Amino acid sequence: MSETLTEAKSLFKTIRVTLAISGAIALIAGIILLVWPLKTAVLVTGIVASYLIVAGIVYVGLGIFSGKKGGWARIGHIVLGLLYIAAGIIAFLNLQAVTVTLAFITVIFIGISWIVDGVVALTLLHKDGSRAWTIIYAILSIIAGIIVIFSPLLAAVALWWILGISLVVLGIIQIVRAITLGRDEKAATAAFASSGTPAA
């Protein structure tokens with residue numbers, strides 16, 4: 001039974017450490033997003049630009065070294081790779097402008113998807129049991145989508161703040177869970193020991 005207690009303690013410790021680390025990372029990331037929003041947005045754009053360059057190199061490599069593919073497929077891979085590399089380099093040369101453009105495109109896409117989601121919800125109204133909630137959801141989704149499309153930069157800033165605040169809140173919750181799990185571990189160990197099981 002002492003092995004069972006040892007395994008339970010080990011499991012509790014692993015979960016606590018995981019919760020504490022993930023909570024700390026989320027908390028730090030949220031604080032950084034809120035304190036330096038433009039710098040972190042530029043950093044995200046830099047990561048995307050790096051990905052484009054790496055993906056481009058991979059595609060060019062596939063086009064050059066893949067003997068099994070046909071001529072057009074190899075040319076297609078090389079052209080696509082060169083386009084990715086060019087896009088990545090352009091992004092690096094104009095990080096701030098690309099950051100604003102990327103935020104603009106992302107928010108417009110979100111706005112359009114909310115409008116489409118609302119319209120789809122309305123088209124499925126006759127198949128839904130809760131019509132009132134579906135109508136409310138569809139109307140709110142369409143209105144939110146229209147607001148986002150007509151004021152994308154404001155929406156991008158709002159979404160960035162929401163993301164930062166969410167990360168801070170989730171990080172704090174994870175850290176609190178890690179602390180309370182430690183108390184649960186002590187209570188479980190005490191209960192296990194009082195039941196006559198020798199502790200490891």
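The values are calculated or read from the model by the stated rules, or taken from the named source; none is laboratory data. Quick caveat: nothing in here was measured; it's all calculated off a predicted structure. Please note: Cβ atoms are built from the backbone with ideal geometry, for glycine as well, and neighbour counts cover all protein chains shown.
Considering only region 31-49, I want to know if a residue exists there that is modelled with pLDDT under 90 and outside any helix (DSSP H, G or I). Yes, region 31-49 has at least one match.
Looking at (1) more than 21 Å from the chain's Cα centre (by Cα); (2) without any contact (Cβ under 8 Å) to a residue 12 or more places away in the chain, which one does residue 13 not meet, given that it meets all the others? Among (1) more than 21 Å from the chain's Cα centre (by Cα); (2) without any contact (Cβ under 8 Å) to a residue 12 or more places away in the chain, the lone unmet condition for residue 13 is (2). Residues in region 123-160 that are in contact (Cβ under 8 Å) with a residue 40 or more places away in the chain and out of contact with any Leu (no Cβ under 7 Å at 6 or more places or on another chain): 148, 149, 152, 153, 155, 156, 157, 159.
Of all the numbered requirements in (1) of a type outside the set (Ser, Thr, Tyr); (2) surrounded by 13 or more Cβ atoms within 10 Å (Cβ to Cβ); (3) modelled with pLDDT under 90, residue 116 misses one, and that requirement is (3). The residues on offer are 53, 15, and the sole one that is among the hydrophobic types (A, V, I, L, M, F, W, C) and buried (at least 17 other Cβ atoms within 10 Å of the Cβ) is 53.
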